[in-house]
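Derivation of every value follows stated rules applied to the coordinates shown; laboratory data play no part. Small disclaimer: the values here were computed from a predicted structure and weren't measured. So basically every Cβ, Gly included, is an ideal-geometry build from the backbone, and we count neighbours across all protein chains shown.
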Amino acid sequence: MAPLFVLVVLLLVGLALVLAGRARAVALVGGDTTALASRPAYHGAFLLLAALVPAASVLIVWAMAGPVLTGWLVVASLGEALAPLDAAERGVLLASASEFAAGRGFGTPSPLVENAAMAYRSMGSAVHWLFGFLATSGAVAGALWGWRKIAPRWPARPYVERAIITLLGAAAGLAILTTLAIIFSLVLESIRFFQLVSPIDFLFGLHWSPQSAYAGVGGEAGTRTGEVFGALPVLAGTLLITAIAIAIAAPVGLLSAIYLSEYASDPARAILKPVLEILAGIPTIVYGFFAALSVAPFVRQMGEAVGLSVSSQSALAAGLVMGVMIIPFVSSLSDDIIRAVPQTLRDASAALGATRSETIVKTVLPAAMPGVVSALLLAISRAIGETMIVVMAAGLAANLTLNPFEAVTTVTVQIVTLLVGDQAFDSAKTLSAFALGLMLFTITLMFNILALKIVTKYRQNYD
Amino acid sequence: MTDARNGDDFATIHTRPAARKRLARRYRAERRFRFFGAAAIFLSVGFLALLLGSIVLKALPAFTHNFAALEFDLSAPLEASDPATADYDAIVRNALRDRFPEVAGRTLRRELSALLSSAAPVYLARQFQARPAGTGFTVPLSDTADLYLKGLLARSRTIVATGPAKWTTSGERGALETVTAPDLRAIENAFTGQGGQDGQRPSILIEIAGGVLKIGQLDANIPGGVWLARPRETGNAAEPGQWRIRIFDTPQAKRKLSDRQIVWLDRLVANGTVRPALNTIFFTRGASREPEMAGIWGAVVGSALALVVTLALAFPLGVGAAIYMHEFARPGRWSRFVEVNINNLAAVPSIIFGLLGLAVLLNVFGLHRSAPYVGGIVLALMTLPTIIIAARVALGAVPGSIRQAALAVGASPLQTVFHHVLPRAMPAIMTGTIIGMARALGETAPLLMIGMVAFIVDIPGGFADPATVLPVQIFMWADFPEAAFGYRSAAAILVLLVFLLAMNGAALLVRARFERARS
């Protein structure tokens, strides 16, 4: 409840500032608000901002520099106790001490760790108070400055508006920040992984069994771990399942889109299009459940009926369900694109005596092709990144095979398997998940950019 | 007209066999093409129906549960100063034993107790403490007993006997005499049908004169065995149609429910002690290792908490970003970069956002593992592009004349946006936001990464309490080996789909009202 209490207090203080600034502006002109350059509400908001900006700046610095500063202070206060340790040992010690200080430690700490944890706690609270004091005094100073600035001719509105527009810009910048954070976190952890396992082994190795890598850190672990982190079978499994999915979604989705846009009557279209979109709205966990409990056993029985040995986690079952999941991506994008092809092209084709299907195949589709291709690329990217269906219906063991009746694993399945549950955060096993994540991010990004490029490059302008 | 050949050609252009054939072929191709299109739609719609149908069928059994209304002797907790200290285990155990006084011996009694949920004492204690003066308390059956009564476990087939039979009793054992040939053959077929070893044989239960005889041997065409329930004392003959042969094809050893337990359950149902009722446990409780005590309420609360955080972050940030990009950003390299960035972010696989949450939120900032607010932040980052894109489209749909009119009467650009443009765009923004929230509600993968997959019994009480969410709960239940969890998983899916339906319905409603207001 404490954070909530602080929040309420802060809100009340903010409200008080707004009312005070407003009251001051009104009082300065003796109630005749037409004499004010900006309306009273803007003066109130101005006073609030005057207090908020310095305080918020301090808080941002605190959030970014606070832990680092605490770390420095702890190292300085421990002094020579740390002297015999090398850099790596020191890092491990400090990390575990900060965990203990936060009450998340595991096991019994050694005396040195306990000392460091105490230092963390005391230095942490010192830094806490320091920044708290700085933020409060910044707010007070800002409020005083704003209070003195408020005058009948003071242009409060431009200041307030500029601040708000800056905030809006910051919200837009958050999208960039998110992308940067994704890239940095994936790349940094991957670099740590590639220090343990060579990138060549990872990208071209044929054997993937991270569970058998031992967690040991040191020279002899390197050769052993290099052999079990070959990501090629995982990638092959992903591509196999994606290929099956696209083999279903591309024809079905495209034909659905053609039927909806060219043949279906308006009432039929009004019903069928939302029904197809329901497929897109169903959570992937539901597809996964269906794939694992209904489709996979069915595929297995079908296979056995014709004398094939089918794994109970066959790539076919996962790919089938995933294909159905991405039908609406293909169909609704293609539908929009096909409808955007101008009617004059169809009329011209019909005037030459072509049947409807000939018009579609020889005139409409070629005109819509760039859009359709980019829709397919987006669907592929979606299939590669899809997680829950394959987690529930595909296998865990990495088989390098093209046989759709065997169990294969995918990049996303491996990420989930490696990271669910407790992990030691510096083992090659855990870090390999981030390398896989980087691979996944790069591949899907390439497909997305390619899709965008194709659309912009080959877009036909009919106007 | 002078050239007769030409005229002939004109008249016969569609009557020449080759042309007619060609035309017919083209029309066939047309019909074929159209058929393929319709078939594709039919395939998608059919799959949707199959998916929903199979889940509904699988979910229905989980919405009811069988409860036993026994006569509990509650004098001990009534007299005790603190009713919580009473031995409810013994109360439940004795209440069940009173119904079956003939059951003796440790093993058999334990088998009997296994009919009730192991959480039955706790369940009884809670009811009693809620209303100590109450009567008619019920306790839940165990998951296997419940599944049997729903016909989902230990299925049997029943053959009504066509001939008469006489029974004999000697101690625990019994036998059937003077059984006519067709009935005997039915018993024989089942008896010798599969294997022959005792544990592997189908169970054959003869229901005769209120008793149940389990056939253990077939000597000289006289089926004999053990009485699992004693027959009436009077008489020793049953008329045709008065006795039945029940065959359980799954051998007892391969079932979670023994033949004896089945007989006991049938008796409890016959005398009205056990009745199905709405499975309130499922809707009101958190996770549990016992399927019959597991509920979705904890996950629903967790989902709600996470979504509140998601909405509180993603809505203002998303709308703010859209306003900036659409109304204030100067067109140029930078704003194009931001736009491309947001489009790409919308297509980043959701699991990547989970990795971001794990690496940055948990490991760098040290936020709580499994906490709904962390889940909410991750989902907000994921939903943000959706909301931004929807809001930009909505802002773009507001006619420029509105802006110009506002600016003309002296409003600042910011006032124009907030007083005039945004209110007009709001319904469409809200539609987009609701759809984004619906997607966040159904998202599983990123939440697995930040530890919301933990087994949490308590209902989360705040944003920082460890919690799980509805889709993750479904995922966990689907993985458990007990069959009853599979049904609960499907039921939880149904609950999730109902929520999604409600949200999408709300989005449609907002859109419809908006369109009416505009016209």
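The table for this structure:
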| read-out | value |
| --- | --- |
| Added length on full extension, which subtracts the Cα-Cα distance from 0.36 nm per residue, B:Val364 to B:Glu172 | 62.0 nm |
| Rounded Å value of the spacing that divides the Cα centres of the stretch A:257-286 and the stretch B:448-519 | 24 Å |
| Filter on B:Lys150/B:Lys214; B:Lys166/B:Lys254; B:Lys166/B:Lys214; B:Lys214/B:Lys256 - keep pairs with C-alpha separation over 21 Å | B:Lys150/B:Lys214; B:Lys166/B:Lys254 |
| Calculated Rg and Dmax of the stretch A:311-463 using C-alpha coordinates, Å | 20.7, 70 |
| Efficiency of FRET from Cβ geometry, B:Leu501 and A:Ile183, R₀ 56 Å, rounded to 0.05 | 0.90 |
| Under 5 Å, built H, 5+ apart or other chain: amide partners of B:Ala229 | B:Val212 |
| The stretch A:239-305: GluC sites (Glu not before Pro) falling in loop per DSSP and having at most 13 other Cβ within 10 Å | none |
| Peptide A:257-265, shielding by other chains (average Cβ, 10 Å cutoff) | 4 |
| Evaluated at q = 0.10, 0.14, 0.15, 0.19 Å⁻¹: base-10 log I(q)/I(0), Debye formula over Cα of the stretch B:16-114 | -0.61, -0.81, -0.85, -1.01 |
| Rounded if a/c under 1.5, otherwise prolate or oblate - the protein assembly as shown, Cα gyration tensor axes | oblate |
| Evaluated at q = 0.09, 0.18, 0.19 Å⁻¹: base-10 log I(q)/I(0), Debye formula over Cα of the stretch B:381-492 | -0.44, -0.92, -0.98 |
| For B:Asn279, residues with placed amide H under 5 Å, excluding near neighbours | B:Thr64, B:His65 |
| Expected 222 nm ellipticity per residue - DSSP helices of 4 or more, -39500 (n - 2.57), all of chain A, to 500 | -25500 deg cm²/dmol |
| Where GluC sites (Glu not before Pro) fall in DSSP loop in the stretch B:64-169, at most 15 other Cβ within 10 Å | B:Glu71, B:Glu102 |
| Per-residue average of Cβ from other chains inside 10 Å of B:20-30 | 2 |
| Local electrostatic count, B:Leu152, Cβ distance below 11 Å [Lys/Arg +1, Asp/Glu -1] | +1 |
| Selection from B:Phe137, B:Ala38, B:Leu218, by position along the positive dipole direction of the protein assembly as shown (Cβ) | B:Ala38 |
| Prolate/oblate/rounded call for chain A, Cα gyration tensor, a/c under 1.5 rounded | oblate |
| Net charge of neighbours whose Cβ lies under 12 Å from the Cβ of A:Thr33, counting Lys and Arg as +1 and Asp and Glu as -1 | +1 |
| Under DSSP loop assignment and at most 12 Cβ neighbours within 10 Å, longest trypsin sites (Lys or Arg not before Pro)-free interval of chain B | B:233-519 |
| Anisotropy class of the stretch B:64-149 from Cα gyration tensor, a/c 1.5 cut | oblate |
| Virtual spin-label span in nm between A:Val13 and B:Thr280, 7 Å along Cα→Cβ | 4.8 nm |
| Using distinct alpha-carbon pairs, which all enter the 1/r mean, Kirkwood radius of chain B in Å | 29.5 Å |
| At R0 = 22 Å, FRET efficiency that the Cβ-Cβ distance of B:Ser335 and B:Leu407 yields, to 0.05 | 0.55 |
| CD proxy at 222 nm, helix term only [per DSSP H run n ≥ 4: -39500 (n - 2.57); per residue of chain B; nearest 500] | -17500 deg cm²/dmol |
